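Here is the structure we will look at, set down as structure tokens.
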Amino acid sequence: MSQEQLPSAGQVSRALADILAGPEFQAFEGGLSSRVLAELWVRFLDWVRGIFPGISESQAELLTVVVAAVCLGAVAFVVLRSLPQTGPQSARRDPEGVPVERRTARDWLRIAGERARAAQYRHAATALYQGVVLTLERRGAVDFHPSKTPGEYALEAAGGGVIDEREKAGTANFIRSFQELAFGHETPTSAGYRGLERLAGQAGCEATPEAEK
């Protein structure tokens with residue numbers, strides 16, 4: 001049996017499709033049982049014998065094993081390629097997959113946008129606040145620390161000379177509005193969150209992931 005006699009990938013695919021299209025494979029439940037696998041083996045073996053009528057029984061079985069292994073490998077490759085990636089690039093596409101302590105202003109702003117589109121305005125406001133604080137830190141207006149309160153950031157930004165007076169006022173207004181929206185008794189609304197986004201812009205942080213370059 002020469003290499004030129006081996007079936008092509010198209011032939012193998014069509015044969016498998018024909019076998020699996022049979023009525024005995026259309027009505028079973030609960031996964032592939034040993035009976036189904038046995039039937040599939042017999043049908044595939046018969047197909048190999050039909051392609052190579054002159055080969056021996058052992059050669060037919062060997063070729064069936066090889067072709068089946070190639071098919072299973074191809075299926076496994078496709079499945080693995082379709083699984084979600086978990087590497088660093090995947091984490092950058094999904095900012096919520098990044099550990100909190102490693103999220104950048106860009107990550108938080110993207111999360112804020114996603115939460116706002118889902119009408120989760122309280123969560124969106126919290127993420128937006130984190131994005132604004134980290135933007136202010138990047139500009140040298142504040143020193144970020146998880147233990148600091150919003151009021152401490154407002155005082156720190158107001159007392160420094162890095163940002164101008166308009167941005168200092170915008171920062172104070174943003175933090176005051178954020179506290180009302182995130183911790184107030186009233187349910188946050190879309191209009192309230194959009195107003196918070198505008199105040200973020202006045203504080204020098206456009207509320208979009210593209211703000212951090």
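The values are calculated or read from the model by the stated rules, or taken from the named source; none is laboratory data. This one's a predicted model, so the numbers in the text were calculated from it and none came from an experiment. Here the Cβ positions follow ideal geometry from the backbone for every residue, glycine too, while neighbour counts run over all protein chains shown. Protein only, heavy atoms only, side chains kept; ligands, DNA and RNA dropped before computing areas. Shrake-Rupley method; radii C 1.70, N 1.55, O 1.52, S 1.80 Å.
In the range 154-180, what residues are open to solvent by less than 20 Å² (accessible area, probe 1.4 Å), of a type in the set (A, V, I, L, M, F, W, C) and part of a helix (DSSP H, G or I)?
Selection gives Ala157, Phe174, Ile175, Phe178.
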- If you take the residues of the range 138-153 that are of a type in the set (Ser, Thr, Tyr) and part of a loop (DSSP other than H, G, I, E, B), which of them is farthest from Leu128 (Cα to Cα)? Ser147
- For the range 102-112, name all the residues that are within 22 Å of Gly204 (Cβ to Cβ) and either surrounded by fewer than 17 Cβ atoms within 10 Å (Cβ to Cβ) or in contact with a Pro (Cβ under 7 Å, 6 or more places away or on another chain) (or both). Arg103, Arg106, Asp107, Leu109, Arg110, Ile111
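What's the total number of residues in the range 134-151 that are open to solvent by 20 Å² or more (accessible area, probe 1.4 Å) and closer than 13 Å to Asp107 by Cα?
First pass over the range 134-151, keeping only residues open to solvent by 20 Å² or more (accessible area, probe 1.4 Å): 134, 137-140, 143-151.
In the following step, the residues that additionally are closer than 13 Å to Asp107 by Cα were identified as 134.
Result for the range 134-151: 1.
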- Message: Checking Gly131 against (1) part of a helix (DSSP H, G or I); (2) surrounded by fewer than 14 Cβ atoms within 10 Å (Cβ to Cβ): exactly one of these is not met. Which one?
- Response: (2)
